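The block underneath contains the structure these notes are about, expressed in structure tokens.
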Amino acid sequence: MHLGLGIDTGGTFTDAVIIEMDSSRILAKAKAPTTRRDLRIGIGDALKALDGALFPQIRLVSLSTTLATNSIVEGKGGRVGLIAAVPRPETFSFPTEMPAEETAVIAGAHDHRGQVSSELDVDGAEAAVIRMADKVEAFAVSGHFSIYNAHHELEIKRMVSKHCSHPVVCGHELSGAVGMVERATTAILNARLLPVIRELLEAVSHILRENRISAPLMVVKGDGALISAAVAMGRPVETVLSGPAASIAGACRLSGHDDAVVVDMGGTTTDIAVVTNGSAPLDEDGAMVGGWKTCVRAVDMWTVGLGGDSRVDVDPDGRIIIGPRKALPLCTAGAIFPWFLQVLREFHERQGKQKSKGRLDFFTLVRRPPTQSRYEKALFDALDGNILHRDQISEKVGLFVPLDRLVAMGFVAEATFTPTDLLHARSALSIFDRDASILGADILAQIMGMDRADFLDRLASEITAVLSLQVTAKALKGSESLSGSWSPTNLGFLDLLLRLPAGSGVALDVSLKRPLIGVGAPVGAFLPAAAANLSTRLIVPQHAEVANAFGAITGRVVERTEVIIRAHRLDGFNVMAADLQDRFATLEEALASGEEHCRKIAREKAEQKGGTAIEVSVSRQEIMMPREHGGGDKAFLEIKLTATASGRPAY
């Protein structure tokens, strides 16, 4: 038999399945906690729980992951310096804060025909590289209209390589989208994720070698297609929404339903997609992840910072706040540190004596960064093998250590109450230390002035309300009449309507016309109430807890390349791509050259990314513009040629 191994490394659990490749029949499955301090442990534990006798027959390994998505949502990753080349830097500013540690804007631009419109400020670029080199771990480069000519971006990339060994990510390498801000954001996020994906792929490769599995390793992209591990190492941003993309395929195949709303609830996020004919539409404008608009071509997925390990807090007004930051559940912390239960008891007693209630947030060390300040070293020493409350850290280390920043970067973990603790406190789950969860519930209930049972009911209702709101919003966004993005105001108003009590005089009844397919470990606990709220059927298929890993091993390699053809302002036609600027006398010649180029590049990219038996198709989109005199007459503006190369992964 030819067998395939699917692995999904999520923020909380690592799942693994072995399937028979021809029939997609699951032969073995396993689940183990993801170990962020050392990913090899969790991946190794998942493989240990499989039937090792099947390993010699494994011909392909495919990996999906939420680590890239979670890292963006939680603000984790390496420090990045952005160098942006624009026509007039003195008047240019990014419309929003960029996710880079350092930013430099210099002169340099091409126009929409790929011609130089502003010479590159070489001295300014060099000065920026020298200034940033000791402050960042990677560079992102974005140039004006680099999708039509990447020369300036490549010049800056060479300059970085001249002065330091930091990796460099160029915007044109990741996307052919026009928006420079989105390309810059995508390049920054890609650079930030380099250490995250490198750690994961090295961990997977290590465990495969330990188990004598020598099959090729593929990785799921955000659009559900596969790329080789070597390519993913340099383009980690393409794995954003990798896990959800795999879960859609897994959910549909496991359930046998092709028209549904898929809800994938993990430890850190809940991902929602409307599926028609077995697939979710792709977000051609670029995925929105963690509040950042990117150019990543991914499934049209609604990602919410709500999962089994989402941080639960209460504000001074008595409102419950869930997420978006992930935390170590108290029950897990209690299992790791047996003496932590006594620490919680003492904290609870102090809370009862104080008028002003403190926050329920403890911290422990995950791993040390390669470089650390004096204050950071003191913090890491204090947390090594220990767990301390925020106030204790202030007393021991002082106020000068950026505690929340170190949590965001993944070096320190916050331990507090989570939905996983809710399940333990209610005896719906009994994996870790239930007593720690009960104490955490008592502490938060005390802050809110209620008893434990009422607090747990209130939290469960809040989780149901959030899930109901997000599923409704995503379903409405997918309808033709209400497509587009939700503003915070509109989303808040919809939330208000959905929460109206029965006796308010106004009632909003929502009836979802598609069934909900729930996958992921927590869905059985939290999704039934939301499905009842939405008057729809809930389907939790067999093997739902490993749907992502199953979807990962059933994917294909798909690559796309675009070429733009525009009329030259004098005569002839320009054929343009980041690596191509050509001109032809006739449209027929331009079309023939453009199609040949995009077919060739798409096939090469698919082969480079691990595909075989590749088929290439080319689509053509003509964009016309109405003439000034009207009358329905239109003038040629441009033609976009898109080559799509598709093949099975080589094994």
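The values are calculated or read from the model by the stated rules, or taken from the named source; none is laboratory data. Just so it is clear, the model here is predicted, and its values are computed rather than measured. Reconstructed Cβ throughout: ideal geometry from the backbone, glycine too, with neighbour counts over all protein chains shown.
Please count how many residues of the range 526-548 are part of a helix (DSSP H, G or I) and either without any contact (Cβ under 8 Å) to a residue 12 or more places away in the chain or on the phi > 0 side of the Ramachandran plot (or both). If you could, list the steps in order and put the result at the bottom.
First, the residues of the range 526-548 that are part of a helix (DSSP H, G or I): 526-533, 544-548.
Those left that are additionally either without any contact (Cβ under 8 Å) to a residue 12 or more places away in the chain or on the phi > 0 side of the Ramachandran plot (or both): 528, 532.
Final tally of qualifying residues: 2.
Across the range 385-410, which residue is surrounded by the fewest Cβ atoms within 10 Å (Cβ to Cβ) among those that are of a type in the set (Asp, Glu) and out of contact with any Gly (no Cβ under 7 Å at 6 or more places or on another chain)?
Filtering the range 385-410 for residues that are of a type in the set (Asp, Glu) and out of contact with any Gly (no Cβ under 7 Å at 6 or more places or on another chain), the one surrounded by the fewest Cβ atoms within 10 Å (Cβ to Cβ) comes out as 395.
For the range 312-326, which residues satisfy the criterion of being within 19 Å of residue 458 (Cβ to Cβ) and either surrounded by 24 or more Cβ atoms within 10 Å (Cβ to Cβ) or not charged (D, E, K, R) (or both)?
Pass one, the range 312-326, residues within 19 Å of residue 458 (Cβ to Cβ): 312-323.
312, 314, 316, 318, 320, 321, 322, 323 - these are the residues of the range 312-326 that are within 19 Å of residue 458 (Cβ to Cβ) and either surrounded by 24 or more Cβ atoms within 10 Å (Cβ to Cβ) or not charged (D, E, K, R) (or both).
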| Can you find a residue in the range 41-50 that is outside any helix (DSSP H, G or I), surrounded by fewer than 24 Cβ atoms within 10 Å (Cβ to Cβ) and in contact with a helix residue (DSSP H, G or I) (Cβ under 6 Å, 6 or more places away or on another chain)? | no
| request: Report, by residue number, each residue of the range 134-166 that is touching a Phe, Trp or Tyr at 6+ places or on another chain (Cβ under 9 Å) and either hydrophobic (A, V, I, L, M, F, W, C) or at pLDDT below 90 (or both). | output: 156, 160, 164
| query | Would the range 389-404 turn up any residue that is touching a strand residue (DSSP E or B) at 6+ places or on another chain (Cβ under 6 Å), in a strand (DSSP E or B) and not β-branched (Val, Ile, Thr)? | reply | yes
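Listed here are the residues, each with its yes/no results for (1) more than 32 Å from the chain's Cα centre (by Cα); (2) under 20 Å from residue 394 (Cα atoms); (3) surrounded by 14 or more Cβ atoms within 10 Å (Cβ to Cβ); (4) touching a residue at least 12 places away in the same chain (Cβ under 8 Å).
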site: 334; (1), (2), (3), (4): no, no, yes, yes
site: 337; (1), (2), (3), (4): no, no, yes, yes
site: 344; (1), (2), (3), (4): yes, yes, yes, yes
site: 353; (1), (2), (3), (4): yes, no, no, no
site: 366; (1), (2), (3), (4): no, yes, yes, yes
site: 376; (1), (2), (3), (4): no, yes, yes, yes
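Please note which strands (runs of 3 or more DSSP E) are completely contained in the range 304-376 and include at least 2 residues that are touching a Lys or Arg at 6+ places or on another chain (Cβ under 8 Å) and modelled with pLDDT under 90. Write out each step before concluding.
Values: elements: 310-314, 320-326, 362-365.
Passing ranges, in order: 320-326.
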| task | With the condition kept exactly as written, say whether any residue in the range 385-408 is in contact (Cβ under 8 Å) with a residue 24 or more places away in the chain, closer than 15 Å to residue 329 by Cα and in contact with a Pro (Cβ under 6 Å, 6 or more places away or on another chain). | result | no
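What is the residue count in the range 225-251 for residues that are part of a helix (DSSP H, G or I) and surrounded by fewer than 24 Cβ atoms within 10 Å (Cβ to Cβ)? Walk me through how you get there before you give the answer.
First pass over the range 225-251, keeping only residues part of a helix (DSSP H, G or I): 229-234, 236-239, 242-251.
Going one step further and asking which of them are surrounded by fewer than 24 Cβ atoms within 10 Å (Cβ to Cβ), we end up with 229-231, 233-234.
Qualifying residue count for the region: 5.
If we keep just the residues of the range 567-592 that are within 40 Å of the chain's Cα centre (by Cα) and among the small types (Gly, Ala, Ser), which is surrounded by the fewest Cβ atoms within 10 Å (Cβ to Cβ)?
From the range 567-592, those within 40 Å of the chain's Cα centre (by Cα) are 567, 573-583, 590-592; that's our starting set.
Now narrow it down to the ones that are among the small types (Gly, Ala, Ser): 567, 577-578, 590, 592.
On the way: 567: 17, 577: 23, 578: 23, 590: 24, 592: 13.
Per the criteria, the residue is 592.
Sort through 382, 441, 428, 413 and tell me the only one that's aliphatic (A, V, I, L, M), surrounded by 21 or more Cβ atoms within 10 Å (Cβ to Cβ), in the same structural domain as residue 350 (by TED's automatic domain parsing) and over 22 Å from the mean Cα position of the chain (by Cα). Quick ask: steps written out before the conclusion?
Working: 382 fails: surrounded by 21 or more Cβ atoms within 10 Å (Cβ to Cβ); 428 fails: surrounded by 21 or more Cβ atoms within 10 Å (Cβ to Cβ); 413 fails: over 22 Å from the mean Cα position of the chain (by Cα).
So the residue among 382, 441, 428, 413 that is aliphatic (A, V, I, L, M), surrounded by 21 or more Cβ atoms within 10 Å (Cβ to Cβ), in the same structural domain as residue 350 (by TED's automatic domain parsing) and over 22 Å from the mean Cα position of the chain (by Cα) is 441.
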| Residues satisfying the stated conditions in the range 102-125, i.e. crowded, with 16+ Cβ neighbours inside 10 Å, at pLDDT 90 or above and part of a loop (DSSP other than H, G, I, E, B) | 108, 120, 121
| note | Per the filter on the range 449-461, residues surrounded by fewer than 19 Cβ atoms within 10 Å (Cβ to Cβ) and either in a helix (DSSP H, G or I) or basic (Lys, Arg) (or both) are 452, 453, 454, 457, 458, 460, 461
| task | Inspect all residues belonging to the range 599-606 and state whether any of them is over 19 Å from residue 231 (Cα atoms) and either at pLDDT 90 or above or touching a helix residue (DSSP H, G or I) at 6+ places or on another chain (Cβ under 6 Å) (or both). | result | yes
| remark: For the range 205-224, the count of residues that are within 19 Å of the chain's Cα centre (by Cα) and surrounded by fewer than 24 Cβ atoms within 10 Å (Cβ to Cβ) equals 1
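Looking at 299, 314, 274, can you tell me which residue is farther than 29 Å from residue 77 by Cβ, touching a residue at least 60 places away in the same chain (Cβ under 8 Å) and touching a Leu at 6+ places or on another chain (Cβ under 7 Å)?
Numbers: 299 fails: farther than 29 Å from residue 77 by Cβ; 274 fails: touching a Leu at 6+ places or on another chain (Cβ under 7 Å).
Within the list 299, 314, 274, the selection yields 314.
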| field | Matching entry among 18, 83, 72 (being under 30 Å from residue 139 (Cβ atoms) and either part of a strand (DSSP E or B) or basic (Lys, Arg) (or both)) | value | 83
| query | Can you tell me which residues in the range 62-74 are of a type outside the set (S, T, N, Q) and out of contact with any Asp or Glu (no Cβ under 9 Å at 6 or more places or on another chain)? | reply | 72, 73, 74
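What number of residues within the range 554-576 satisfy the criterion of being basic (Lys, Arg) and closer than 30 Å to residue 239 by Cα?
First, the residues of the range 554-576 that are basic (Lys, Arg): 556, 560, 566, 569.
From what is left, the residues that are closer than 30 Å to residue 239 by Cα are 556, 560.
The qualifying residues number 2.
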| request: Could you list, in sequence order, all residues of the range 210-225 that are farther than 16 Å from residue 611 by Cβ and not hydroxyl-bearing (Ser, Thr, Tyr)? | output: 210, 211, 212, 213, 222
